[in-house]
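Participant: Structure provided below as structure tokens; questions to follow.
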Amino acid sequence: MTLGDGSHLPFRYYFCQREAIETLIYLYKVRGARGLARLTNEFAGPDAETAALARVVDYIHLNPVRARVVPVERLVDFRWSSLHRFSRAPR
């Protein structure tokens, strides 16, 4: 790694990074996991993709609140939000 002053800093793994890399190598070589879909299905459970999508939708809907464009109480009425489509009760 090169620092701003031009000096070099040797790269070192943190323990958790090393564990993560070793786990990926094990999954690839021993378990034969060749893609994210296989890993998700085998280790995360059947609802993992739904839960991940829910987190993304929550993140998108709360962006205007975090940016202080609209208060959370008015988020459903915010013109550019799609939250109102999700907040309606099914008929």
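Each reported figure results from applying straightforward, stated rules to the coordinates on display, with no laboratory input. Keep in mind it's a predicted model, so treat the numbers as computed, not measured. Positions of Cβ are backbone-derived with ideal geometry, glycine not excepted, and every protein chain shown enters the neighbour counts.
Participant: Could I have the simple spin-label model distance between L9 and L24, label points 7 Å from Cα toward Cβ, reported in nm to one decimal?
Facilitator: Roughly 2.1 nm, to one decimal.
Participant: Taking 0.36 nm per intervening residue step and subtracting the Cα-Cα distance, what contour gain separates R68 from R38 on full extension?
Facilitator: Contour length minus the Cα-Cα distance gives 6.9 nm.
Participant: Let me ask another. Once you sort the root eigenvalues of the Cα gyration tensor of the stretch 1-45 as a ≥ b ≥ c, which label holds: rounded (a/c under 1.5), prolate (a/b larger than b/c) or oblate (the other case)?
Facilitator: Prolate is the answer for the stretch 1-45, as a/c is 1.5 or above and a/b outweighs b/c.
Participant: Rounded to the nearest 0.05, what FRET efficiency do W80 and L53 have when you use their Cβ-Cβ distance and R0 = 30 Å?
Facilitator: After rounding, the FRET efficiency stands at 0.90.
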